[in-house]
Amino acid sequence: MRPLHRTLPAVTLLVLASLLAASCGAPQTPPSAQAPQASQAPQTVRETVIVEQTVRETVVVEQQVVVTPTSAPAPQAVTDIPPRPDGTPAPPEKQVFRFDLPSDFWPDPISLGNWYGEWNVLTSAGLTTEGPDGQIQPELAERWESSADGRTWTFFLKQDAKFSDGSPITMDDVTFSLISFLDPRGISEGLYRAPFQDIEGYQAFIDGTATEISGIKAVDASTLTFTLTRPIVYFPKALGFWTARIVSKKNVTEGGQEWWRTPVTSGMYKVGTFEYGQRNYLELVPNEYYTLGPKPKLQKIIIERVTDPSTRLTRYLNNETDALYYPEPADVAAALRGGELKDDLLGNVIGGYFFFYFRHDRPPFDDPKVRQAFIMATDQDRLARTVLEGTLVKAPSLMPRGAECYPTSDNSVPFDPARARELLAESTYAGQMPLVRIQVSEVSGIPVVGRWTRVATAMADMWQENLGISVQLQTKEFEFEDSQDGAAQIFRSSRSPLVLDPGVMTLQFDNGKGIADQAKYVNPDVQQMLVAADGEQDATKRCEMYQQADKTLFEDGIVAGTWGISNWAFAKPYVRGISTANRWQFYLSMPQTYIAEP
Amino acid sequence: MIRYLAVRLIYFIPMLVLVSFFTFAMGYYGPGDPVRVLMKENWNDEETYQLLRKKYGFDRPFLVQYADYMAKAAQGDFGRSVLRAMPVRDLMIPALGVTAQLGLAALVCLSVVGVGLGVLAAMRQNTWIDHTIVTTVIVLQSIPVFVLAPILMMLLVLHLRLMPTPAGWDGIFSTKAILPVFLLTALSLLIVVRQTRESVIEARSSDYVRTARAKGLSERAILLRHVLKNAMTPVLTTIGLLSSWLLTGSLFIESIFSIPGFGSLYFGALKTRDYPVLIGTTLVVSLIVMLTNLVVDICYGLLDPRARVER
């Protein structure tokens, strides 16, 4: 018999290993820990990834990537998860809805430092708002109308509106809120002011040559006009954005820089409890003075800050929360494959998109034929199915999904490697291709090998295979870092729609703005088409113009690959009426959401 | 002794200035930009960028910004967080309190468990007890905390149903604190156990212990009166040095368990390049490290008269 002291360390190790194994096993294994139910054996692909760690130093990392063929059923192009059937509502005391946010949050709808602040649509009213179907609805404004030339918009405000402290919402509160939101120097950073830059006098206000925005005028106590420098048909939709919300002037001015610690709200909920500091905890309860829309069914919404994704998932699995906001893509992929949380999954493709764009001013992408060749050599559908595991889909348009004019067919450039090779041979860089670098920054900011690095690696492989061009991959913490060294020509980025309207393309692709500025893309024809479409009153003509601009943008090769952002979330099956809308997770469906009896 | 203390404290000033200067310079000249981070996907809106840089004072020359910051920091004003809408001081004070509670709890556990296990391993040298203790602490130390923490959390919460998910902070006496304190202790246990074990083994083989044994003293008396007293000096130094790490917070543990301590404050600021917070936390951490080193030196002198003579 072996002496005990020799075997015990091994036994200890075994026990520890068993504990580790047990914690990963059934029955409560989170989806991310589950092995994929693959119908085919995994293939091991050996590949070389060149990772530029610093600006000057390039290291070659050889890694093995296990590519698991899609499981049964194979990931589909993401379709919208159908709405849940109605149930019997639980009594009011059980109408409590809990979820975690991954970062700090505070009840300030007009500050954009508030990264996960979209929930402020629950506590603050806008002149207009959006329904879960993406349609614009009146909120504080009873109605609105435009002048014949489409340059002046008049909003008529409801007279009986009140804040959560019972005080009336006045025109002074409305203008104060809008100007605070539009002024980057003020209490709000005003980062999403792009849709409002066409208000007359706004530039002079920003430049400091005017103290007021001349285009915003309170005609009387209930009439507000906006005069624009050009006709914009979608302007009322811009006022439904979650930062263009109404706050109490008295509350903000008397509350100082941290007025939001004791906020007075204008929306359907008011703040019951709020802690910020050691703990970030918020309880929302119905605002009894809210008359601008339907009364909410949920009697309490509890939000807590939990930064770690595995901790958020554990809390959800342990029934400490009722919904999981922004789940990890691996957990969504597992649910899509029919994993444990498949019945909890909510989601649809929303109006935003992830994309890779070319720098049009940097060789070889100053040649449109090279851009087209790279796009045609990229099988975006395959990338969506494999590397992205069906959690995103190839975007057929640069218009926001859910908006009017969204195409029923695919406006993007098709995958055609043979034509790609022809175009490359016809280009000015045939046979003398400079070094191509693709820069990836992951969403979190920390340079980890996340899904976009994997997508970029796969894209580089496709270009190697289809065009014979080797592409260097460099990772940076932030997308903007390249502006300091100017080495890369292809970048990853993302956009969420500021306005759920095709007019958002003007904000993104008009010369010198948004993505066009990042890509250094200039096409006066597109600019003219987009501006004309923004002011076109005839809906059919308007859509035709946006469609044409959309196709031209793809043909001009502004993006190397585009995938529609999916709005994934998990919610317990007893949560009914909930849905992810075209934007802002499940917040827009909150007025209809309730807890059903088991 | 007073002169020695005064000299050490005066040395703190240039050291803090150096630390702050390098931190500030790295933030100023290094990659990343809090304003661009704040702007998220609108980072290329140059007009807004310039307005925000002016608003936060980042458009001023390096030395002007640095001098201004240090002048205010000397009065306890560490600026305002760019991304968290609060003065840095108001973020740091509660965070320090949380981390100090966690760190002190871990320090107590570390002293009791680490020293206890180390003494036990030494007393039972080369037996199964010794091997088990050493192997266990090596295994605990070897598994990265970002692996061990989620695994233990799932095990205790989802499988054994022993506790609610330890997320957030409800005070040191809450069940939420058990796992973070255990992990903080486990991460440093190996150092304390091995140091204690080596010191006790060395002390037990020394001449004075042999003499005590020859005089007929019981093993218990020898351990308490002679071995531990002499073996504890290096152990105390080790624990003292570990305390600066424990009191300044663990990035991973605090982040995983959403503990609003100093580690997660620093980590969040690092990710977003929130310079006012980064510089403020760095200065405070530097000060804590210097102070704990000073306390260790003083304690060392009290325990070992030879150290006092050398000074």
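The values are calculated or read from the model by the stated rules, or taken from the named source; none is laboratory data. Since the model is a prediction, treat every value here as computed from it, not as a measurement. All Cβ positions, glycine included, derive from the backbone under ideal geometry; neighbour counts span all protein chains shown.
Filter the range A:301-322 down to residues that are more than 22 Å from the chain's Cα centre (by Cα) and in a strand (DSSP E or B) and give me whichever is nearest to the other protein chains (Cβ to nearest Cβ). By that ranking, first place goes to A:I302. Within the range B:95-138, being β-branched (V, I, T), free of Cβ contacts under 8 Å to residues at least 12 places away in the same chain and surrounded by fewer than 19 Cβ atoms within 10 Å (Cβ to Cβ) holds for B:V108, B:V112, B:T127, B:I129, B:T135.
Here B:L158, B:L187, B:L140 are screened, and the one residue that is of a type in the set (A, V, I, L, M), modelled with pLDDT of 90 or more and either more than 22 Å from A:D308 (Cα to Cα) or in a helix (DSSP H, G or I) (or both) is B:L158.
Scanning the range A:254-284 for residues being farther than 18 Å from A:Y587 by Cβ, touching a helix residue (DSSP H, G or I) at 6+ places or on another chain (Cβ under 8 Å) and not basic (K, R) gives a total of 7. Mind checking whether some residue in the range A:105-116 is at pLDDT below 85, within 23 Å of A:V455 (Cβ to Cβ), assigned to a loop (DSSP other than H, G, I, E, B) and under 19 Å from the mean Cα position of the chain (by Cα)? Within the range A:105-116 (the criterion being at pLDDT below 85, within 23 Å of A:V455 (Cβ to Cβ), assigned to a loop (DSSP other than H, G, I, E, B) and under 19 Å from the mean Cα position of the chain (by Cα)), the answer is no, since none of the residues qualifies.
When residues of the range A:252-274 are filtered for being out of contact with any Ser or Thr (no Cβ under 6 Å at 6 or more places or on another chain), assigned to a strand (DSSP E or B) and crowded, with 18+ Cβ neighbours inside 10 Å, how many remain?
Here is the first cut: in the range A:252-274, the residues out of contact with any Ser or Thr (no Cβ under 6 Å at 6 or more places or on another chain) are A:252-263, A:268, A:271-274.
Remaining after also requiring assigned to a strand (DSSP E or B): A:271-274.
When the remaining residues are screened for being crowded, with 18+ Cβ neighbours inside 10 Å, the result is A:271, A:274.
Total satisfying the criteria: 2.
Taking the stated definitions as given, is B:P260 within 14 Å of chain A (Cβ to nearest Cβ) and not in a helix (DSSP H, G or I)? It is true that B:P260 is within 14 Å of chain A (Cβ to nearest Cβ) and not in a helix (DSSP H, G or I).
Residues that are free of Cβ contacts under 8 Å to residues at least 24 places away in the same chain and within 17 Å of B:S258 (Cβ to Cβ) within the range B:139-157 comprise B:M154, B:L156, B:V157, listed in sequence order. When you scan the range A:96-119, do you find a residue that is among the basic types (K, R) and away from every other protein chain (no Cβ under 14 Å), even just one? No - not one qualifying residue is present in the range A:96-119.
Identification of helices (runs of 4 or more DSSP H) wholly contained in the range A:490-558 with 1 or more residues that are away from chain B (no Cβ under 14 Å), surrounded by fewer than 24 Cβ atoms within 10 Å (Cβ to Cβ) and touching a residue at least 24 places away in the same chain (Cβ under 8 Å) yields A:524-535, A:539-555. Taking the range A:323-346, which residues are in a loop (DSSP other than H, G, I, E, B) and either touching a Cys at 6+ places or on another chain (Cβ under 6 Å) or more than 14 Å from chain B (Cβ to nearest Cβ) (or both)? Hits for the range A:323-346 are A:Y326, A:P327, A:R337, A:G338, A:G339. If you take the residues of the range B:161-182 that are more than 7 Å from chain A (Cβ to nearest Cβ) and in contact with a Ser or Thr (Cβ under 9 Å, 6 or more places away or on another chain), which of them is nearest to A:T321 (Cα to Cα)? Filtering the range B:161-182 for residues that are more than 7 Å from chain A (Cβ to nearest Cβ) and in contact with a Ser or Thr (Cβ under 9 Å, 6 or more places away or on another chain), the one nearest to A:T321 (Cα to Cα) comes out as B:P166.
Annotation: A:A373 fulfils all but one of (1) in contact with a strand residue (DSSP E or B) (Cβ under 9 Å, 6 or more places away or on another chain); (2) small (G, A, S); (3) surrounded by 23 or more Cβ atoms within 10 Å (Cβ to Cβ); the unmet one is (1).
Taking A:Q380, is it within 29 Å of the chain's Cα centre (by Cα), over 24 Å from A:V526 (Cα atoms) and within 14 Å of chain B (Cβ to nearest Cβ)? So A:Q380 does not fit the description; no. Could you count how many residues in the range A:138-173 are touching a helix residue (DSSP H, G or I) at 6+ places or on another chain (Cβ under 9 Å), under 24 Å from A:R230 (Cβ atoms) and of a type outside the set (D, E)? The total comes to 7.
In the range B:14-25, is there at least one residue being assigned to a helix (DSSP H, G or I), within 13 Å of chain A (Cβ to nearest Cβ) and surrounded by fewer than 19 Cβ atoms within 10 Å (Cβ to Cβ)? Quick ask: steps written out before the conclusion?
The initial filter retains those residues of the range B:14-25 that are assigned to a helix (DSSP H, G or I), namely B:14-25.
Restricting the remaining residues to those that are within 13 Å of chain A (Cβ to nearest Cβ) gives none.
Within the range B:14-25, not a single residue is assigned to a helix (DSSP H, G or I), within 13 Å of chain A (Cβ to nearest Cβ) and surrounded by fewer than 19 Cβ atoms within 10 Å (Cβ to Cβ).
Pairing residues of the range A:176-189 that are of a type in the set (D, E, K, R) with residues that are modelled with pLDDT under 75 and assigned to a loop (DSSP other than H, G, I, E, B), at Cβ distances under 7 Å and at least 6 apart in sequence or on separate chains, gives A:D183/A:G190; A:E189/A:S111; A:E189/A:L112; A:E189/A:G113.
A quick yes/no check of all residues on (1) part of a helix (DSSP H, G or I); (2) surrounded by fewer than 23 Cβ atoms within 10 Å (Cβ to Cβ):
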{"position": "B:T196", "(1), (2)": "yes, no"}
{"position": "B:L217", "(1), (2)": "no, yes"}
{"position": "B:A231", "(1), (2)": "yes, no"}
{"position": "B:V235", "(1), (2)": "yes, no"}
{"position": "B:L241", "(1), (2)": "yes, yes"}
{"position": "B:W245", "(1), (2)": "yes, yes"}
{"position": "B:K271", "(1), (2)": "yes, yes"}
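Is one or more of the residues making up the range B:85-95 at pLDDT below 80 and within 30 Å of A:R193 (Cβ to Cβ)? The answer is yes; a qualifying residue exists.
Okay, residues lined up against (1) part of a helix (DSSP H, G or I); (2) over 30 Å from A:Y234 (Cα atoms); (3) modelled with pLDDT under 90:
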| site | (1), (2), (3) |
| --- | --- |
| A:L383 | yes, yes, no |
| A:T391 | no, yes, yes |
| A:R419 | yes, yes, no |
| A:A430 | no, yes, no |
| A:E442 | no, yes, yes |
| A:G445 | no, yes, yes |
| A:M459 | yes, yes, no |
| A:Q464 | yes, yes, no |
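Restricting attention to the range A:116-133, the residues being within 17 Å of A:Y269 (Cα to Cα) and acidic (D, E) number 2. Return yes when A:G277 is within 14 Å of chain B (Cβ to nearest Cβ), more than 23 Å from the chain's Cα centre (by Cα) and without any contact (Cβ under 8 Å) to a residue 60 or more places away in the chain and no when it is not. The answer is yes for A:G277.
Among the conditions (1) touching a residue at least 24 places away in the same chain (Cβ under 8 Å); (2) within 14 Å of chain A (Cβ to nearest Cβ), B:N230 misses just one, which is (2).
Checked against the criterion of being surrounded by fewer than 24 Cβ atoms within 10 Å (Cβ to Cβ) and over 30 Å from A:V332 (Cα atoms), the range A:560-575 has no qualifying residue.
Only a single criterion out of (1) in a helix (DSSP H, G or I); (2) of a type outside the set (D, E); (3) modelled with pLDDT of 90 or more is not satisfied by A:R362, namely (1).
Residue-wise test of (1) of a type in the set (A, V, I, L, M); (2) in contact (Cβ under 8 Å) with a residue 60 or more places away in the chain.
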| residue | (1), (2) |
| --- | --- |
| B:N44 | no, no |
| B:L52 | yes, no |
| B:L63 | yes, no |
| B:Y66 | no, no |
| B:G79 | no, yes |
| B:D90 | no, no |
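If you go through the range A:275-300 and keep only what is in a strand (DSSP E or B) and either within 16 Å of A:S124 (Cα to Cα) or modelled with pLDDT of 95 or more (or both), you end up with A:L282, A:E283, A:L284, A:V285, A:P286, A:K300. Can you find a residue in the range B:27-50 that is modelled with pLDDT under 85 and away from chain A (no Cβ under 11 Å)? Scanning the range B:27-50 turns up at least one residue that is modelled with pLDDT under 85 and away from chain A (no Cβ under 11 Å).
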